[in-house]
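Let me begin by presenting the structure, written as structure tokens, before commenting on it.
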Amino acid sequence: MTPDDARRLQDGLAAWARIEPGCRALALVGSWVRGAARPDSDLDLMLLATDRDHWAANDGWLRQVLREIGFASVTMAPETYGVTRAWRASLGPQIEVEVGIADQQWAGLNPLDAGTQRVVRDGLKPLVDKDGLLRALVDACDGEP
């Protein structure tokens, strides 16, 4: 994936998240945040929703958003990571995006989940943070040993 493709994807998904009431936060996570992305790296995003299961049940919303920003999904596959559900979209040669979806409790601080903390420490950049959940999470992880 080129940096231009990555920017277009994150900007387009962030624009959607800003106006979608069911999306409370969206973050870029992983190698693109750390500056370690390679041409074969996918773009990883984390969406915090009021109803995770609504967004995880059907990929139509993601296909629509991707079409609106100029990407036609070649294949879409569901994935599960603990309490996080995800859609992995292959958009063409070396262009993949994975959108993890969790309830807002994923960013909860009492107690701070070890898996969530690993994601944050591996690189998390808030793109949309309507309720300040991601900023509080990043601050809490910065203060943890």
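Read-outs throughout are calculated quantities, based only on the coordinates presented, and are distinct from any laboratory measurement. In this text, all values refer to a predicted model and were calculated from it rather than measured experimentally. FYI the Cβ positions are ideal-geometry reconstructions off the backbone, even for glycines, and counts take in every protein chain you see.
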**OP:** Starting at the first residue of the range 49-66, write each ³J(HN,Hα) from the Karplus equation 6.51 cos²θ - 1.76 cosθ + 1.60 with θ = phi - 60°, in whole Hz, x for Gly and Pro.
**Re:** 10, 6, 8, 3, 5, 4, 7, 7, 6, 8, 8, x, 4, 6, 4, 5, 4, 4
Original post:
Most exposed first by the Cβ proxy, i.e. fewest other Cβ within 10 Å, how do I69, I95, I101 rank?
Top reply: I69, I95, I101
Original post:
Where does the range 3-128 land on the Kirkwood hydrodynamic radius, alpha-carbon pairs, in angstrom?
Top reply: 14.6
Original post:
Rounded to the nearest 500, what is the chain's calculated 222 nm mean residue ellipticity when only DSSP H runs of at least 4 contribute -39500 (n - 2.57) each, over all residues?
Top reply: -10500 deg cm²/dmol
Original post:
Counting other C-beta atoms within 10 Å, which of M76, M46, M1 has the fewest, and how do the rest follow?
Top reply: M76, M1, M46
**OP:** Just the number, please: percent antiparallel of the DSSP beta bridges in the chain, rounded to the nearest 5.
**Re:** 80
Original post:
Under a plain spin-label model, where a point goes 7 Å from the Cα along Cα-to-Cβ, how far apart in nm are I69 and Q104?
Top reply: 2.3
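From the Cα trace of the range 61-145, what convex hull volume per residue do you get, rounded to a whole Å³?
Roughly 114 Å³ of hull volume per residue.
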